[in-house]
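The structure appears right after this line, and notes come after that.
None of the figures in this text is laboratory data; all of them are computed from the coordinates on show. What you see is a predicted model, and the numbers here were worked out from it, not measured in a lab. When we count neighbours, we look across all protein chains shown, and the Cβ atoms used for this are built from the backbone with ideal geometry, even at glycine.
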Amino acid sequence: MSATLTFATPPHGLAPHTGFELREIEGAHGLFALEAVADSGIRLFVLDASVYLPDYSPVISDDDCVRLDLHVAEDALLLVVANPADDGTTMNLLAPIVVNASTGASAQIILDGQDYPLRAQLATEAAA
């Protein structure tokens, strides 16, 4: 799977980039590289939350849903940033990337008032 995503505002730490290609990593279902269109050297790894975190269900504000033209939950693709390190991979559950699967409109949303960690350890069984 490959898709072009357009962010209204750059994802955190990636300014000024708003155009990205989402490319599935071959052989790793639900793992993607998110690469800036203007500079392929700028890349994040993201996980499809429905594959790796089936119980993860953050509340997305009505304003964010309107901004992304999302009318039902099934229209959204929910991604979390993965940070690989020598001591394991962590996931940012506090600021997911929400994608309108039909249009590619995207936003990284900080979940105010929700108790999700910035660095949650990826369980080994989830990666299998």
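Taking the stretch 10-31 as the range and being in contact (Cβ under 8 Å) with a residue 40 or more places away in the chain and closer than 24 Å to Arg67 by Cα as the test, the residues that pass are Pro11, His12, Phe20, Leu22. In the stretch 89-112, of all residues being of a type outside the set (A, V, I, L, M, F, W, C) and in a loop (DSSP other than H, G, I, E, B), the one that is surrounded by the fewest Cβ atoms within 10 Å (Cβ to Cβ) corresponds to Asp112. Here Asp63 fulfils each of the conditions (1) assigned to a loop (DSSP other than H, G, I, E, B); (2) free of Cβ contacts under 8 Å to residues at least 12 places away in the same chain apart from (1).
With the structure loaded, tell me whether Phe7 is under 15 Å from Ile97 (Cβ atoms), surrounded by 13 or more Cβ atoms within 10 Å (Cβ to Cβ), in contact with an Asp or Glu (Cβ under 6 Å, 6 or more places away or on another chain) and in contact (Cβ under 8 Å) with a residue 40 or more places away in the chain or whether it fails that test.
no
Taking every residue in the stretch 80-91 that is under 18 Å from Asp48 (Cα atoms) and pairing it with any residue that is basic (Lys, Arg) and part of a strand (DSSP E or B), at least 6 positions away or on another chain, yields no pair with a Cβ-Cβ distance below 8 Å. Being part of a strand (DSSP E or B) and under 23 Å from Asp115 (Cα atoms) is a property that holds for Val46.
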